[in-house]
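Working notes for the structure below.
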Amino acid sequence: MSTVRLILGDQLNPEHPWFRRRDPSVTYVLMEVRSETDYVRHHAQKVLAVLAGMRRLADHLRGKGHKVRYFRLGDPDNAQGFAANLRTALAEARATRLEHQEPDEWRLDQELAAFRRECGIEAAVVGSDHFLDARDGVARHFGKSRSRWLMESYYRSVRARTGLLMDADGEPEGGRWNFDADNRKPWHGQPPAPRPWDGKADLRGLWAEIQAAGVATFGEPSAGAFPWPLDRREALAHLRAFMERGLPSFGDYEDAMHTSSDRLFHSRLSHALNVKLLHPLEVAQAAVEAHRADPGRVPLAATEGFVRQIIGWREYIRGVYWARMPEYAESNALGHDLPLPSWFWTGAVRMNCLRHAIGQSLATAYAHHIQRLMVIGSFCLTAGVRPREVERWFLGVYVDAFEWVELPNVIGMSQHADGGFLGSKPYCGAAAYINRMSDYCKGCPYDPKDRLGPLACPLNALYWDFWLRHAGRFKDNPRIGMAVRQAMRMDPAEKAAIRAKAAALRAGIEEL
Ligand code: FAD
Ligand code: SF4
């Protein structure tokens, strides 16, 4: 009896129950394959982070005495796909059983299910031991009847279930479930944004291997020490650094953006979480403990805001993905059909907010939530870019982008392409929002206060035109009806001017 256990590139948790016991009849298989590096064009740092993390895990397992079969990108016997390499590994091990952890992506779930059916030996799927809920946990929470799921309701149920930030009497700590309203301050450069956790790895050798293999990437591979954690020890150090330096101000400046810092007080923990170097519960618990240890330094509003992202949004998004795939990926409820501008791949655009957010993404494989949602996403939404093209760009560019979390955030939350199933309103803003929450407008050739002039901020006409175009759909939505009604109240000449300006902006989108 011999077993092969497949480990995927986002399953890097060295504390998975699999590894508790050394078993000479088990071979762990990891593979760097072109089918994964090439299914979308990825940022250089994303490919590096995943492959280096896989190599670290393989070394760790070998060090603990486990048997490991590792396919490197350049190995001559690497068939560059899961099925063919698995067949090789099964034959080499004379395996009688195949096991793998539950994949998080629909595409891989299908591929591995087909392989299990056809491999001719006993095959089983085990949990990845990573999420707080099962794939269908969110769907079960809402039941089949609801047409729209509200994250808040699900989040409260997880708080109650885990006891996180709950009083003994079952009430939320501080008497409120949600401190979002306290978390909307702009940031003016003080207190200084914390230094991010410093990586130490030198990945130049691996980068040379990736290039030699001909993998087409984009973005900067990172000049010095690699900035993303590659094993659990590094991920824990990153987590501690955030609790110490970032969390105290996370809440206050959660929505702020500033040219002097790409992360402000955000954690940059999404990559470590998504490749399973950190468990979501331990991250949320670490925040609660930091608050309990010193509530004066780590306020409840910051702690609740952070915990909500991890145990609320992250789990909820995953539930939407599994409930709605595969049709969800092609949603386009608003009928948007503009191609993605080519400057998304270069950052060469004059609009300073977009130049900064896209340029930063290309340089660092990271942007924080508000940059993704209210700058890049909001532009695509109001301009009317094809949601699927926006989604493919987001999937490639960010180090933390795995389809189960990226796709619903883009298709649902950011592009409203699911018709409002995930988010009850479209998230978009005009220049007034960007100007309030960032310093981007100061360095911009466009005028944030103008709508129609030659140097008027393009976001203004696009924003009002968006409401005019979709007024019928949104006028009765209590969360945004006011913006729509304001658009509808404009006199006919103004409406026509906005429509004409927006049409011209769309026609000249490459020149913005
Ligand atoms: P923090 O602000 O420090 O938040 C803490 C953690 O909460 C994050 O690390 C993340 O794990 C979780 N989180 C916060 N918001 C969300 C959310 N909306 N959905 C799921 N988890 C959340 N997140 C990804 O992990 N991968 C993606 O590919 C991704 N794509 C996105 C695309 C768009 C258009 C938008 C609007 C959001 C996207 N997000 C994605 C969610 C969120 O923007 C990122 O998780 C966050 O910016 C990562 O940075 P951070 O670790 O500093 O986050
Ligand atoms: Fe962006 Fe408009 Fe401000 Fe320029 S003026 S930075 S385009 S919001």
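No lab work stands behind these numbers, since they all come straight from the coordinates. On a predicted model such as this, the values are computed, not experimentally measured, just so you know. Here the Cβ is made from the backbone with ideal geometry for all residues, glycine too, and neighbour counts use every protein chain on show.
Angle of helix 458-469 to the longest C-alpha principal axis of the chain, folded into 0 to 90 degrees and rounded to 10: 90°.
Since only Val138, Trp149, Leu112 are under comparison, the one whose Cα sits farthest along the positive direction of the charge dipole of the stretch 109-150, derived from C-beta charges on Lys, Arg, Asp and Glu, is Trp149.
Couplings for the stretch 148-153, taken from phi via the Karplus curve 6.51 cos²θ - 1.76 cosθ + 1.60 with θ = phi - 60°, read 9, 9, 9, 4, 4, 5 Hz in order; Gly and Pro are left as x.
Of Thr259, Thr382, Thr37, how do they rank once you tally other Cβ atoms within 10 Å and put the fewest first?
Thr259, Thr37, Thr382
Annotation: amide H-H contacts under 5 Å for Leu338 (H modelled 1.01 Å from N, sequence separation of 5 or more, or interchain): Val385, Arg386. Arranged from fewest to most other beta-carbon atoms within 10 Å of their beta carbon, Thr88, Thr303 become Thr88, Thr303. Placing unit charges on the Cβ atoms of the charged side chains and taking the dipole of the stretch 114-266 about its Cα centre, the candidate lying farthest along the positive direction among Gly189, Ala168, Pro248 is Ala168.
Can you figure out the FRET efficiency of Ala496 with Lys144, using R₀ = 56 Å and their beta-carbon distance, to the nearest 0.05?
Efficiency computed from Cβ-Cβ geometry: 0.80.
Between helix 280-293 and the chain there is an angle of about 70 degrees, using the helix long axis and the longest principal axis of the Cα atoms. Using the Cβ of Ala286 as centre and a radius below 12 Å, the other residues enclosed give a net charge of -1, where K and R count +1 and D and E count -1.
Near His42, the amide H atoms lying under 5 Å from its own belong to Phe218; only residues 5 or more places off or on other chains count, and H is placed 1.01 Å from N. As a ratio to 2.2 N^0.38 Å, the alpha-carbon radius of gyration computed for the stretch 424-512 takes the value 1.10. The simple Förster model, with R0 at 45 Å and r as the Cβ-Cβ distance, assigns Glu209 and Ala503 a FRET efficiency of 0.40. Checking every one of the trypsin sites (Lys or Arg not before Pro) in the stretch 312-381 against DSSP loop status and a limit of 14 other Cβ atoms within 10 Å picks out Arg350. Here the dipole of the chain is about 340 debye; that uses its Cα centre as origin and unit charges on the Cβ of Lys and Arg (positive) and Asp and Glu (negative).
Express in % the proportion of alpha carbon pairs of the chain at distances exceeding 35 Å. Before the final figure, lay out the partial values.
Values: 47684 of 130816 pairs.
That tail contains 36 percent of the Cα-Cα pairs.
A simple spin-label model places the labels of Leu281 and Ser424 3.0 nm from each other, with each point 7 Å out along Cα-to-Cβ.
Using DSSP to define loop residues, name the trypsin sites (Lys or Arg not before Pro) in the stretch 1-47 whose beta-carbon has at most 16 other beta-carbon atoms within 10 Å. Before the final figure, lay out the partial values.
Numbers: sites: Arg5, Arg20, Arg21, Arg22, Arg34, Arg41, Lys46; in loops: Arg21, Arg22, Arg41.
Sites meeting the loop and neighbour criteria: Arg21, Arg22.
Along the stretch 104-110 the Karplus relation, 6.51 cos²θ - 1.76 cosθ + 1.60 evaluated at θ = phi - 60°, assigns HN-Hα couplings of 9, 10, 4, 4, 6, 4, 5 Hz to successive residues, with x for each Gly and Pro. Taking amide H as placed 1.01 Å from N in the peptide plane, the amide H of Phe71 sits under 5 Å from that of Leu30, Met31, Glu32, each at least 5 places away or on another chain.
Expressed as an acute angle from 0 to 90° and rounded to the nearest 10, what is the orientation of the C-alpha long axis of helix 315-324 relative to the principal long axis of the chain? Long axis of 315-324 versus the principal axis of the chain: about 90 degrees.
Is there a pair in Lys67/Lys200; Lys46/Lys442; Lys144/Lys495; Lys46/Lys475 whose C-alpha atoms are over 30 Å apart, and which pairs would that be? Long pairs (Cα-Cα over 30 Å): Lys46/Lys442; Lys144/Lys495; Lys46/Lys475. Put in order of Cβ neighbour count within 10 Å, fewest first, the listed residues Ile317, Ile411 become Ile317, Ile411. If the chain linking Arg233 and Leu455 were pulled fully straight, counting 0.36 nm for each residue of separation and taking away their Cα-Cα distance, it would gain 74.9 nm.
For the stretch 487-496, the Karplus equation 6.51 cos²θ - 1.76 cosθ + 1.60, evaluated at θ = phi - 60°, returns couplings of 5, 5, 6, 4, 6, x, 5, 5, 4, 5 Hz by residue, with Gly and Pro reported as x.
So how much slack lies between Ala168 and Lys64, counting 0.36 nm per residue of separation and subtracting their Cα-Cα distance, in nm? Kindly include the intermediate steps, with their values, before the conclusion.
Numbers: separation 104, 0.36 × 104 = 37.44 nm, distance 4.22 nm.
Stretched out fully, the Ala168 to Lys64 stretch lengthens by 33.2 nm.
Select from the stretch 202-305 those trypsin sites (Lys or Arg not before Pro) which occupy a DSSP coil region and have at most 15 other Cβ atoms within 10 Å, ordered by residue number. Each step should come with its number before you reach the end.
Numbers: sites: Arg204, Arg232, Arg233, Arg240, Arg245, Arg263, Arg268, Lys276, Arg292, Arg297; in loops: Arg263, Arg268, Lys276, Arg297.
Qualifying residues, ordered by number: Arg297.
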